[in-house]
1. What does the net charge come to around residue 105 if you take all other residues with beta carbon closer than 12 Å to its beta carbon, with K and R at +1 and D and E at -1?
2. Taking DSSP loops as anything outside H, G, I, E and B, show the longest stretch in the chain free of trypsin sites (Lys or Arg not before Pro) there with at most 12 other beta carbons within 10 Å.
3. For a quick check: with amide H placed at 1.01 Å from N, whose amide H comes under 5 Å from residue 10's, ignoring anything fewer than 5 positions away on the same chain?
4. So what's the projected area for segment 22-63, the Cα convex hull averaged over all directions, in nm²?
5. Per 5 Å bin, what is the whole-percent P(r) computed from every C-alpha pair distance within the chain?
6. Direction-averaged shadow area of the convex hull around the Cα atoms of segment 1-70, nm²?
7. Which residue fluctuates most in the GNM of the chain (Cα springs below 10 Å): 138, 127, 88?
8. Convex hull over the alpha-carbon atoms of segment 62-121: what's its volume per residue in Å³?
Amino acid sequence: MSDLPSAILFSCTMNSVRSPMAELIMKFLHGHRVYIDSAGVRSKDIDGFAIAVMDEIGIDLSRHHAKTFDDLEDDFFDVVITLSPEAQHRAVELTRVMACEVEFWNTMDPSLVESEDRETVLDAYRQVRDQLMMKIKQRFPVQSASDT
């Protein structure tokens with residue numbers, strides 16, 4: 001029996017790195033068994049480094065279009081997972097009048113890493129990607145065929 005919620009929203013500040021990574025990792029692990037979306041407090045084009053590190057694990061982030069909370073087509077979620085303090089505040093406002101669980105997973109913004117060395121910057125993005133993968137697997141375990 002699955003303990004997956006029916007709808008999950010991942011949110012961060014710009015919806016260009018952390019929340020789209022989390023959205024696509026969740027979709028990669030759980031497919032269409034749950035409705036998954038992501039949004040930011042503000043929007044910014046998808047980050048090229050995020051595309052690169054997701055591509056390393058076989059997930060294509062290049063077609064992601066950033067959106068804000070106001071752009072969401074559906075605002076009913078069972079769980080909203082926020083990845084930045086700014087998104088946490090916005091999610092609390094959004095869910096004030098609905099029965100929805102809000103979880104705060106404070107996650108470093110790798111776009112703030114300043115370095116002349118491309119590999120150093122990529123390593124920061126990989127660290128965030130891997131941290132999100134681990135947290136998502138812990139919070140929403142993937143069932144094996146024998147579990148069903």
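Derivation of every value follows stated rules applied to the coordinates shown; laboratory data play no part. A quick note: this is a predicted structure, and the numbers were derived from the prediction, not measured. Don't worry about glycine lacking a Cβ; one is built from the backbone with ideal geometry, like all the others, and counts go over all protein chains shown.
1. +2
2. Answer - 1-62.
3. It is 37, 38, 39, 81, by chain and number.
4. 3.3 nm²
5. In whole percents, the pair-distance histogram is 2, 10, 20, 23, 20, 14, 7, 3, 1, 0.
6. Seen from a random direction, the Cα hull of segment 1-70 projects 4.7 nm² on average.
7. The residue that fluctuates most here is 138.
8. 120 Å³
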